[in-house]
Amino acid sequence: MNNMQQLSVLLVDDEPAWLHGLAVALERSAGITNIQSCHDSRNVLELLRKKTVDLVLLDITMPHLTGDELLPLILAEHPELPVIILTGINQIELSVRCMKLGAFDFFVKSTIFLLLKEVMYVSKDG
């Protein structure tokens, strides 16, 4: 088994179709098979307490807790965990704020192929 297959990724987004599509893309393009999905941002911290995860892909725009609200909570409990922020809109101010909060990186959802390259980079680094 290679590093990509061993990489455990948590996908957090309130859109089930996007979660499914991203999981399929990660598996087919990067060979990542250890993927967990969470569609309710209120469940993320509890899930991270119960499961070991190597990388979080976190949407910004979600009900309950937004990604930029959840990011510092995740990093407070798991400071070593890389969190890549995903958003449907390209906003420089938002990306700068997330990077200052400790995000590993920031991607607009339409740039999925760049995101896949970043996930592969994280798996080689870890």
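A short reminder: the numbers here are calculations on the coordinates, not readings from a lab. Being a predicted model, the structure only gives us computed values, none of them experimental. FYI the Cβ positions are ideal-geometry reconstructions off the backbone, even for glycines, and counts take in every protein chain you see.
Details
- Label sites at His20 and Ser110, each approximated as a point 7 angstrom past Cα along Cα to Cβ, lie 2.4 nm apart.
- Cβ-derived FRET efficiency at R0 25 Å, His39 paired with Ile89, nearest 0.05: 0.80
- Computed helical MRE - 222 nm, the chain, DSSP H runs ≥ 4 contributing -39500 (n - 2.57), nearest 500: -14500 deg cm²/dmol
- For Phe106, the residues whose amide H sits under 5 Å from its own are Ile85, ignoring neighbours fewer than 5 places away on the same chain, with H placed 1.01 Å from N.
- Net charge dipole, the chain: roughly 240 debye, given to the nearest 20, about the Cα centre with Cβ charges of +1 for Lys and Arg and -1 for Asp and Glu.
- For the chain, the Rg and Dmax computed from alpha carbons only, in angstrom: 13.2, 40
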